[in-house]
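Just below is one structure, and these are the notes that go with it.
Readers should treat all values here as calculations from the given coordinates under stated rules, not as data from a laboratory. All values derive from a computational prediction rather than experimental measurement. As a convention, Cβ positions derive from the backbone with ideal geometry for all residues, glycine included, and neighbour counts pool all protein chains shown.
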Amino acid sequence: KRKKDESSSTATRLGGGTAETTATTTEEGAILAIGDSWASLSGNYLANVCGSSTTRPILQNDGKSGSTAKEWAYNRLGVEAIENRRYEYTHVWLSVGGNDYLDNKCDMSIADKVAANVVNVIKQVVDASHGEAAVGEVAFQQDLK
């Protein structure tokens with residue numbers, strides 16, 4: 001449920017000029033962003049992209065720069081984010097795995113471990129949402145040489 005009434009003013013470039021528009025923040029389509037720096041540094045970008053000129057969804061950003069899929073899986077950070085949620089989310093954006101590879105000099109032999117940790121985090125988030133979260137398509141991209 002929405003905890004507070006929020007609205008914001010956004011500047012939009014139109015034809016080289018700037019036009020002031022008001023976008024009302026709404027809980028419809030609310031997003032929880034979790035994971036590594038791709039999540040934490042996204043700021044409100046997801047809400048802006050997923051919104052319209054008149055409304056944008058609420059975004060709770062619980063990303064942790066430098067974190068790994070292993071940390072999210074073993075420390076149950078996704079569960080913590082769901083348990084401490086401020087709104088009822090319709091979307092969860094998870095970004096993990098990059099730091100696992102960087103910390104291991106991009107050794108692709110850890111791909112199965114990283115994928116298992118990502119799946120584990122997704123399962124934890126779905127379970128913590130008590131059946132309220134729906135899982136869409138999950139894709140893993142792997143170099144197929």
Between E27 and T55, how many nm apart are label points set 7 Å from Cα along the C-beta direction? 1.3
Quick query: amide H of G29 versus all other amide H atoms, modeled in the peptide plane; which residues come in under 5 Å with a sequence gap of 5 or more or a different chain? T90
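By how many nm would the segment from V79 to A111 lengthen if fully extended, with 0.36 nm per residue of separation less the alpha-carbon distance?
9.2 nm
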note: region 26-130, Cα-Cα separations exceeding 23 Å make up a percent value of 28
